[in-house]
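> Starting off with a structure, shown below.
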Amino acid sequence: MTHTDRRHFLKQGLLGTASVAAGTIGTTARSYAQVRGANDRINMAVIGIRNQGTVHLENLCRLKDSHNVQIRTVCDTDERLFAKGVALVEQKTGTKPATEWDLHRVLEDKSIDAVSIVVPNHWHALAAVLACQAGKHVYVEKPASYNIWEGRRMIEAARKYGRHMQVGLNNRSSVNVREAIAFMHGGGIGPLFMARSLCFKARDSYGMSSDSEPPATFHYDRWLGPAPWRPYNEKRGHYNWHWYWDTGNGDTGNTGPHQLDIARWGLAKNEHPVSVYSAGGLYGFRQDDGAPTPAKHVYGDVDTFGHDKTSQETPNTQTATYTYADGTLLEMETRGRYTNNEGSQGQEVGNLFFGTEGWLEISGDTWKAFRRREREPFAGSKGGDREGNHWANFIEGLRADKDDAFHADIHEGHMSTSLCHLANISYRVGRSLKFTGQTERFVDAPDADALLIRTYRKPYVVPETV
């Protein structure tokens, strides 16, 4: 069977799909293992295998028999990660994947049907566009993009090349969260007028280090990709890239996308807000050895061991308020230092919704609804293991070959990710902004418009026409 024939078989030979009705996660009368044939396997590569990449490997390995998935290749610019990644896949599935540090070679492999992209934020769009152009389906981690302009290019690439693209907004596949959303959309607490997203994670300083030479097995130029060139520094690399504007989007663009996605979903807002205001700063640390920088609100004393020093650029404390055309409000708060929690369940990461007849909270994989002034919930999640499986939904969506079979299609991912970017842009320019959703540009704010896109380091350029 040729590669083209096998793709046709994957599209036509539907073995089971995920139900898109709220509260169900796709079951079939017969398991894939009972009905599958040798040629309906979905071959995948995981690009980026550290931290969250390991989570992808674990979850995709679990789909080996139930969904006939095989991980053929693990890819990372840091070859030191290969041994652990290969051992994990081999232990879980009995097959040994190939290794590759160059994603271009992965995309050239005709036997790979789909890729899971778990690279730093600044690489999401370029990797996803290249994958679509190579004929691969894409699962891309949150946030969908590094900036708003890129998100639109990702949608265009998926549609132009007829590829499916799922964003790693895992709550979309949670049975309990889907129940909560359906409950609100059914009028459970009356018409909604506001939602509040919480991202409370007390984080310590990651310390400081001097610039140095990258490890010999770390392909630093490729890792840096679209970002401006700068000397290698281990404190700006693995994971810490989140806290620098060249490569990340702060915690608002790290944990924030999950919660802002739930908020927008619950509010049933399928458009961009018309205005945004965000303020905050970096509290509790000193930058370098100098005095605190008042403009960025960097406060705190350097302790004896210097653990409070940081070169972090993104805020660790941030609030944002979005207003929609009909007046609906969405609030987001990021707290990166020591804090209390909110809601009846004492949540630190979650969402609160407010309606004319009561309020509802979603905390992790559970929810509770309260009527008016009552202190006891009158509705809520039923408990049990009801997290769902976002990776399974991706595979089932590929077999269904329909964009609406995916719980977090790239369009949904782009709309929610844009909320993170809007907050960061308002924070960086230091004022409230009006936004035109149809054109995805700000009103009379060229400095803010400049942050909708970036200057790309050649040859790592996201093309204007995909």
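The values are calculated or read from the model by the stated rules, or taken from the named source; none is laboratory data. Owing to the predicted nature of the structure, the values given are computational and were not obtained by experimental measurement. Counting neighbours? That spans all protein chains shown, and the Cβs are built from the backbone with ideal geometry, glycine included. Surface areas here come from the heavy atoms of the whole protein model, side chains and all, with no ligands, DNA or RNA. Shrake-Rupley method; radii C 1.70, N 1.55, O 1.52, S 1.80 Å.
> Would you pick out the residues in the stretch 446-455 that are surrounded by fewer than 18 Cβ atoms within 10 Å (Cβ to Cβ) and assigned to a loop (DSSP other than H, G, I, E, B)?
Once the filter is applied, which keeps residues that are surrounded by fewer than 18 Cβ atoms within 10 Å (Cβ to Cβ) and assigned to a loop (DSSP other than H, G, I, E, B), the stretch 446-455 yields ILE453, THR455.
> If you don't mind, another one. Could you please give the count of residues in the stretch 93-145 that are more than 24 Å from ALA392 (Cβ to Cβ), touching a Gly at 6+ places or on another chain (Cβ under 8 Å) and open to solvent by less than 30 Å² (accessible area, probe 1.4 Å)?
Adding up the residues that qualify gives 7.
> Do we find a residue being of a type in the set (Ser, Thr, Tyr), buried (at least 17 other Cβ atoms within 10 Å of the Cβ) and at pLDDT below 95 anywhere in the stretch 2-24? Walk me through how you get there before you give the answer.
At the first step, the residues of the stretch 2-24 found to be of a type in the set (Ser, Thr, Tyr) are 2, 4, 17, 19, 24.
From what's left, buried (at least 17 other Cβ atoms within 10 Å of the Cβ): 17.
Next cut, at pLDDT below 95 only: 17.
Checked against the condition, which is being of a type in the set (Ser, Thr, Tyr), buried (at least 17 other Cβ atoms within 10 Å of the Cβ) and at pLDDT below 95, the stretch 2-24 yields at least one hit.
Let's see how each residue does on (1) of a type in the set (Ser, Thr, Tyr); (2) part of a helix (DSSP H, G or I); (3) touching a strand residue (DSSP E or B) at 6+ places or on another chain (Cβ under 6 Å); (4) crowded, with 21+ Cβ neighbours inside 10 Å:
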residue: PHE370; (1), (2), (3), (4): no, no, yes, no
residue: GLU376; (1), (2), (3), (4): no, no, no, no
residue: LYS382; (1), (2), (3), (4): no, no, no, no
residue: TRP391; (1), (2), (3), (4): no, yes, no, yes
residue: GLY397; (1), (2), (3), (4): no, yes, no, yes
residue: HIS411; (1), (2), (3), (4): no, yes, no, no
residue: THR417; (1), (2), (3), (4): yes, yes, no, yes
residue: LEU422; (1), (2), (3), (4): no, yes, yes, yes
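> If you go through the stretch 26-51, how many residues are modelled with pLDDT of 95 or more, polar (S, T, N, Q) and open to solvent by 30 Å² or more (accessible area, probe 1.4 Å)?
The total comes to 0.
> Same structure again: Condition check: under 20 Å from the mean Cα position of the chain (by Cα), within 18 Å of SER416 (Cα to Cα) and not basic (Lys, Arg). Does ASN240 satisfy that?
No; evaluated as a whole, the condition is false for this residue.
> Looking only at strands (runs of 3 or more DSSP E) that lie completely in the stretch 45-146, which have at least 3 residues being within 19 Å of the chain's Cα centre (by Cα)?
Once the strands (runs of 3 or more DSSP E) in the stretch 45-146 are filtered for at least 3 residues that are within 19 Å of the chain's Cα centre (by Cα), what remains is 114-117, 137-140.
> Hey, can you tell me all the residues within the stretch 205-225 that are more than 17 Å from GLU313 (Cβ to Cβ), in contact (Cβ under 8 Å) with a residue 60 or more places away in the chain and either charged (D, E, K, R) or assigned to a loop (DSSP other than H, G, I, E, B) (or both)?
Hits for the stretch 205-225 are PRO215, THR217, HIS219, ARG222, GLY225.
> Report, by residue number, each residue of the stretch 313-357 that is within 21 Å of SER418 (Cα to Cα), at pLDDT 95 or above and of a type in the set (Asp, Glu).
The answer is ASP326, GLU331, GLU333.
Quick grid of which residues meet (1) among the small types (Gly, Ala, Ser); (2) over 29 Å from ASN170 (Cα atoms):
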| residue | (1), (2) |
| --- | --- |
| ALA216 | yes, yes |
| PRO231 | no, yes |
| GLU234 | no, yes |
| HIS238 | no, no |
| THR255 | no, no |
| ASP261 | no, no |
| SER278 | yes, no |
| LEU282 | no, no |
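> Might you let me know whether the stretch 145-167 holds any residue that is under 19 Å from GLY364 (Cα atoms), in contact (Cβ under 8 Å) with a residue 40 or more places away in the chain, touching a strand residue (DSSP E or B) at 6+ places or on another chain (Cβ under 8 Å) and among the polar types (S, T, N, Q)?
Taking every residue of the stretch 145-167 in turn, none turns out to be under 19 Å from GLY364 (Cα atoms), in contact (Cβ under 8 Å) with a residue 40 or more places away in the chain, touching a strand residue (DSSP E or B) at 6+ places or on another chain (Cβ under 8 Å) and among the polar types (S, T, N, Q).
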